[in-house]
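Novice: Okay, handing you the structure first.
The values are calculated or read from the model by the stated rules, or taken from the named source; none is laboratory data. Every value quoted in this text rests on a predicted model; they were computed, and no experiment measured them. Cβ coordinates were reconstructed from backbone atoms using ideal geometry, including for glycine residues, and neighbour counts include every protein chain displayed.
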Amino acid sequence: MENAVQARFSDYPELARQKLSELRCLILQCAQELKLGKVEESLKWGEASYKVKSGSPIRIDWKAKTPEEYYVFFNCNTKLVDTFRELYGDVLAYQGNRAIVLGLTAPLPLNTLKHCIQLALTYQQIRHLPLLGAAPTG
C-alpha cells in the first residue's frame, strides 16, 4: 500500500478501515482479473485513488460527517454513475453523478460493486457504448 494511503487508512475508525480495505482489495483484484497492468495508488483530495491506463480513476473514502456510510467516487464527467443507476438503481444508493454510497454495517453488494468497478477500470475502452456495453437488468 502506498505510504500516503496507508497513513490515511490509519486515521479511519476500525470498521471504516475494514470496509475500505475490502474495497481496495476488490479494486486491485478486478484490475488483476482483467489484466489491466499496474494500478496507480495515490491520495487525491485526501481520498485513496486507484487508476489504470484503460480506466477512469476510482476513489474511496469514509467521512466523519456521515459516519454510517462510506463511498466509492467516480469522475463526475463520465457516464459511470448514470450507467450504474440505470443498471442497479434498485440495489445501490448514489450521491449525485459522482459516488456510490454504501452502508457501513450493511453487507457489501459484492457482485454488483465488482461489475461497477470493472466498468470504471475499462472506461476508456467502453465509454462510447450504450450502457458502457453492459446489459440492462430486469
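Novice: Inside the range 120-138, can you point out the residues that are at pLDDT below 95 and small (Gly, Ala, Ser)?
Specialist: GLY133, ALA134, ALA135, GLY138
Novice: Of all the residues that make up the range 29-62, how many are loosely packed, with under 14 Cβ neighbours inside 10 Å and within 14 Å of MET1 (Cβ to Cβ)?
Specialist: Of the residues in the range 29-62, 1 are loosely packed, with under 14 Cβ neighbours inside 10 Å and within 14 Å of MET1 (Cβ to Cβ).
Novice: Sort out which residues of the range 43-52 are touching a helix residue (DSSP H, G or I) at 6+ places or on another chain (Cβ under 6 Å) and in a strand (DSSP E or B), and write them in order of number.
Specialist: To start, the set of residues in the range 43-52 that are touching a helix residue (DSSP H, G or I) at 6+ places or on another chain (Cβ under 6 Å) comprises 43, 48, 50, 52.
Within the range 43-52, LEU43, ALA48, TYR50 meet the criteria.
Novice: Return the pair list, or none, for Cβ contacts closer than 8 Å from residues in the range 73-90 that are surrounded by fewer than 20 Cβ atoms within 10 Å (Cβ to Cβ) to residues that are in a helix (DSSP H, G or I) and among the acidic types (Asp, Glu), at least 6 apart or on different chains.
Specialist: Close Cβ pairs (under 8 Å, with a partner that is in a helix (DSSP H, G or I) and among the acidic types (Asp, Glu)) do not exist here.
Novice: For the range 1-19, does any single residue satisfy the condition of being closer than 12 Å to ALA120 by Cβ, assigned to a loop (DSSP other than H, G, I, E, B) and either at pLDDT 95 or above or touching a helix residue (DSSP H, G or I) at 6+ places or on another chain (Cβ under 6 Å) (or both)?
Specialist: Restricting attention to the range 1-19, the residues satisfying the condition of being closer than 12 Å to ALA120 by Cβ are none.
No, there is no match, as no residue in the range 1-19 is closer than 12 Å to ALA120 by Cβ, assigned to a loop (DSSP other than H, G, I, E, B) and either at pLDDT 95 or above or touching a helix residue (DSSP H, G or I) at 6+ places or on another chain (Cβ under 6 Å) (or both).
Novice: Given (1) outside any loop (DSSP other than H, G, I, E, B); (2) in contact (Cβ under 8 Å) with a residue 40 or more places away in the chain; (3) loosely packed, with under 15 Cβ neighbours inside 10 Å, where does GLN118 come up short, assuming only one miss?
Specialist: GLN118 satisfies all of (1) outside any loop (DSSP other than H, G, I, E, B); (2) in contact (Cβ under 8 Å) with a residue 40 or more places away in the chain; (3) loosely packed, with under 15 Cβ neighbours inside 10 Å except (3).
Novice: Scan the range 90-98 and give yes if some residue there is out of contact with any Ser or Thr (no Cβ under 7 Å at 6 or more places or on another chain), modelled with pLDDT of 95 or more and among the acidic types (Asp, Glu), otherwise no.
Specialist: No, there is no match, as no residue in the range 90-98 is out of contact with any Ser or Thr (no Cβ under 7 Å at 6 or more places or on another chain), modelled with pLDDT of 95 or more and among the acidic types (Asp, Glu).
Novice: Look at the range 53-107 and say how many of its residues are in contact with an Asp or Glu (Cβ under 7 Å, 6 or more places away or on another chain), outside any strand (DSSP E or B) and under 25 Å from ALA135 (Cα atoms).
Specialist: Looking only at that region, the number is 1.
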